[in-house]
1. To the nearest 0.05, how large is the calculated FRET efficiency for ALA222 and VAL56 if R₀ is 51 Å and r is the Cβ-Cβ distance?
2. Can you give the FRET efficiency to the nearest 0.05 for TRP67 and THR190, using r as the Cβ-Cβ distance and R₀ = 41 Å?
3. Around ASP211, what is the net charge, scoring Lys/Arg as +1 and Asp/Glu as -1 over all other residues with Cβ under 13 Å from its Cβ?
4. One quarter of the convex hull surface, Cα atoms only: what value does that give for region 24-143 in nm²?
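Just so it is clear, none of the values below were taken in a lab; they were calculated from the coordinates. Every value quoted in this text rests on a predicted model; they were computed, and no experiment measured them. We place every Cβ from the backbone using ideal geometry, glycine too, and count neighbours over all the protein chains shown.
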Amino acid sequence: NAVQTDLFQNGEWTNLQPVTLNDGTSNVPPYLPDLTVNPNYFPTALRAVALTLCGVIIILSLGFSTWTHINRTTRVCRASQPLFLHIICAGVFVLGLSIIPLSIDRGVASDRGSDIACMAFPWLICIGVSATFSAIYSKTHRINLVFNARQFRRVSVKPKDVVVPMFVLLSLNVIVLAVWTALAPLRTKTEVLAVDLFDRAVQTYDYCYSDGMLPYVICLGALNFAALFLAFYESYQAKGVPLEYSESKYIFRAMACMMLVCFIGIPIMVIAYENPSACENILWQWLFDCIVLGSPPH
């Protein structure tokens with residue numbers, strides 16, 4: 001006789017009673033056919049698109065850095081401070097590399113490789129963000145020191161006079177990341193999304209997690225948001241500086257677009273969390289948009 005063991009109601013399954021087999025028990029028989037598990041690994045096409053976007057970012061950052069070096073003696077390039085332009089390009093380059101660990105899972109790497117990719121992502125993101133925005137801050141701050149000096153007073157501000165905040169921010173990021181890696185490194189965890197009649201996993205999803213990650217995430221977020229707001233502040237202070245020496249208008253536009261992408265992309269990722277493929281698609285596109293929009297024009 002048929003016996004109802006589970007009930008699907010209001011979008012959820014409710015277990016009413018254990019499944020009883022022919023032998024009168026609920027023990028899973030050893031002769032069940034092989035199980036096909038869907039691990040929700042990244043599709044090859046999706047990985048190819050992500051790595052292509054990564055390549056675009058790398059090529060653009062290297063191309064802009066090369067252009068800056070070739071034209072470093074021209075009046076316009078010298079006014080734009082080539083040293084800081086190179087640092088910005090380097091930061092964007094590192095940010096672009098952060099797409100690579102996102103494309104790595106157990107479908108193309110071992111468990112050890114997946115764990116390394118998990119921890120490599122925050123390293124690349126934080127170093128890239130801190131280098132980019134601290135360089136923008138130092139570059140614009142140097143211009144403000146010169147143009148806000150008293151009239152008829154000769155002022156000489158060398159790059160070494162304004163790079164201290166940049167090195168402090170980078171050092172703090174490296175210290176926090178190193179402690180995080182040593183004490184609570186991210187590991188690849190597997191979550192079971194669906195099981196069959198015999199409670200065997202038929203659909204799983206891998207993600208990066210560690211029990212003590214929250215304090216490090218908060219600390220790194222605070223550090224890098226501070227760099228973002230300092231860059232905003234210095235750009236605002238430079239609104240009266242001639243465009244030849246400061247690109248504050250374009251920096252404002254780039255940062256505004258970047259913040260808009262964040263405000264739209266992050267809630268969508270939260271909503272799509274239970275759909276692994278959709279969440280990964282949104283994350284990659286969001287990261288690409290943030291890197292491209294956050295790159296100041298040359």
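1. Values: r = 31 Å, r/R0 = 0.60.
So, using R0 = 51 Å, E works out to roughly 0.95.
2. On the way: r = 46 Å, r/R0 = 1.11.
The computed FRET efficiency comes out at 0.35.
3. Values: positive: ARG187, LYS189; negative: none.
Around ASP211, the charge tally is +2.
4. Numbers: hull surface 46.3 nm².
Taking the Cα atoms of region 24-143, their convex hull projects to 11.6 nm² on average.
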